[in-house]
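Participant: Quick one: this structure, given as structure tokens, is what I'll be asking you about.
The values are calculated or read from the model by the stated rules, or taken from the named source; none is laboratory data. In this text, all values refer to a predicted model and were calculated from it rather than measured experimentally. So basically every Cβ, Gly included, is an ideal-geometry build from the backbone, and we count neighbours across all protein chains shown. For the accessible areas, the whole protein counts, side chains as well, though only heavy atoms, and no ligand, DNA or RNA atoms are used. Shrake-Rupley method; radii C 1.70, N 1.55, O 1.52, S 1.80 Å.
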Amino acid sequence: MKVKPRDIPGVLKALDPGVRMVLVYGPDEGLVRERATAIGKQIAPDLGDPFQVVKPGPADLKETPSLLLDEIASLSMMGGRRLVWLDRAETSSAAAIDLVLSSDAGEGLLLVTAGDLKPSSAIRKAAEKARNALAIACYEDSAGDVRTLVTSTLSAAGLRASPDAVAYLVANLGSDRGVSRSELDKLVLYMTDTSPDRNPDQAPGEGGTVTLEDAKAVVGDTGAFDIAGLVDYAIAGDMARLDQAMERARIAGESPVALIRVAQSRLHRLLAGAGEMTKGATAAEAVQRLRPPVFWADRDAVTNALHRWPAPRILSALNRLMDAEIAAKTTGNPDRAIAERALLALARMAGRRR
């Protein structure tokens, strides 16, 4: 059964005992992981417990198609339901999943996580059609979702944010839930750092309020963790700064797939602006029409990017990034090298004449 967006919070809080399988999939890898973890912990509070949790891989199912059903049917040594988590499910996993859904043996829960599955995917179709299964899609957060994430995360830490700080965070987060949470966690740490060696010239805003300067200090162009800034260098064709930013990203251990996802998000935003220009709008007018609104401090950069990136070039770049993401996930080649080559290609494309 397909879970509607408005029903997802309820499922994450309390899963129906009659559900035998939950599929969590989509292009937002961080959100997939977050939601799958919330569901898994309803069955096994400690996801590292080997007596209650088993994590077979797609390769295991090729050798033993009945493995998932066998694990679901097995009793937990400590009592309660068993959790069988199949991560990064592949098309070849469909037959093993069908065996679980067509059988009543056992009381365990099968949790399946996967990337962006097409409607024709056998795994997705099986989960959406079965009465004892749920399919939860995870797509890029909307501006409203990001705003809620920002305010709820800060509120939980006893913080609040000024309107311009919230606007800045909404504009610079959202391409991947995991990345967004990581950036907000760093912002909370920055705001609550009371160590005596803190630089007084970089002390955060007083009274528990995140200011625009605070937000920029953590999420802006300040070092290794600025994925959005790295991507903006590529879109601007700034090879020198892009190379430096990629080196900082390597040191920080940033996810290569996250780099690709942020680049895709930025280009989709530009594509919407390019569409307005084909209707007769100037670049500046196109930026004004974008929704959610472009943060005021970024408007000049986005306007310049629209002059540099006509729609056909954006589409070509998006295709290149899609190929890079698929290659990073499936070929076994170094994903960081694949992502960096794709970003360098973007920078070269940005330098071409229209």
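Participant: Hey, any idea what % of the chain's accessible area is carbon plus sulfur with a 1.4 Å probe?
Facilitator: For the chain, the apolar C and S fraction of the accessible surface comes to 53 percent.
Participant: Which order do you get for R147, R82 if you rank them by accessible area with a 1.4 Å probe, largest at the top?
Facilitator: The ranking, largest first, comes out as R147, R82.
Participant: Could you work out Rg/(2.2 N^0.38 Å) for segment 38-119, with Rg from alpha carbons only?
Facilitator: Here the answer is 1.05, to two decimals.
Participant: Counting only heavy atoms of protein chains, what accessible area per residue, in Å², does the chain have with a probe of 1.4 Å?
Facilitator: Spelled out: the 1.4 Å probe surface of the chain, per residue, equals 50 Å².
Participant: While we're here: Once the Cα atoms of helix 143-156 and of the chain are each reduced to a long axis, what angle between those two axes, in degrees from 0 to 90 to the nearest 10, is obtained?
Facilitator: 80 degrees
Participant: Tell me the relative contact order for segment 16-161 as a rounded percent, counting alpha carbon contacts under 8 Å between residues six or more apart.
Facilitator: Dividing the mean separation by the residue count of segment 16-161 yields 35 percent.
Participant: Treating only the Cβ of Lys, Arg, Asp and Glu as charged (+1, +1, -1, -1), what charge dipole size does the chain show about its Cα centre? Round to the nearest 20 debye.
Facilitator: With Lys and Arg at +1 and Asp and Glu at -1, about 1240 debye.
Participant: Of V22, A281, I251, which is farthest along the charge dipole of the chain in the positive direction, counting Lys and Arg as +1 and Asp and Glu as -1 at C-beta?
Facilitator: A281
Participant: Given Cβ point charges of +1 (Lys, Arg) and -1 (Asp, Glu) and nothing else, what value in debye, to the nearest 20, does the dipole of segment 266-315 about its Cα centre take?
Facilitator: 140 debye
Participant: Among T37, A122, Y139, whose Cα projects farthest towards the positive end of the dipole of the chain, with charges put on the beta-carbon of Lys, Arg (+1) and Asp, Glu (-1)?
Facilitator: Final value for the positive-end residue is A122.
Participant: When only Cα pairs under 8 Å and 6 or more residues apart are kept, what is the percent relative contact order across the chain?
Facilitator: That works out to 15 percent.
Participant: Can you give me the relative contact order of segment 245-338 as a percent, contacts being Cα pairs under 8 Å and 6 or more apart?
Facilitator: Over segment 245-338, the number comes to 32 percent.
Participant: Could I ask something else about it? For the chain, what is the number of Lys pairs with C-alpha distance below 13 angstrom, counting only pairs 8 or more positions apart or on separate chains?
Facilitator: 4
Participant: Taking segment 212-353 on its own, what percent of its Cα-Cα pair distances exceed 27 Å?
Facilitator: Roughly 20 percent, once rounded to a whole number.
Participant: While we're here: Could you work out the pair-distance distribution P(r) of the chain from its alpha-carbon pairs, with 10 angstrom bin width and percents rounded to whole numbers?
Facilitator: The percentages, shortest bin first, are 5, 22, 28, 24, 16, 5, 0.
Participant: Could I ask something else about it? Multiplying the sequence separation of K125 and T37 by 0.36 nm and subtracting their Cα-Cα distance, what value in nm do you get?
Facilitator: Using 0.36 nm per residue and subtracting the Cα-Cα distance, I get 29.4 nm.
Participant: Within 12 Å, Cβ to Cβ, of T151, how many net charges do the neighbouring residues add up to if Lys/Arg are +1 and Asp/Glu are -1?
Facilitator: Taking every Cβ under 12 Å from that of T151, the sum is +1.
Participant: Which listed residue (L111, G208, M1) has the Cα farthest towards the positive end of the charge dipole for the chain, taking +1 on Lys and Arg C-beta and -1 on Asp and Glu C-beta about the Cα centre?
Facilitator: Of the listed residues, the answer is M1.
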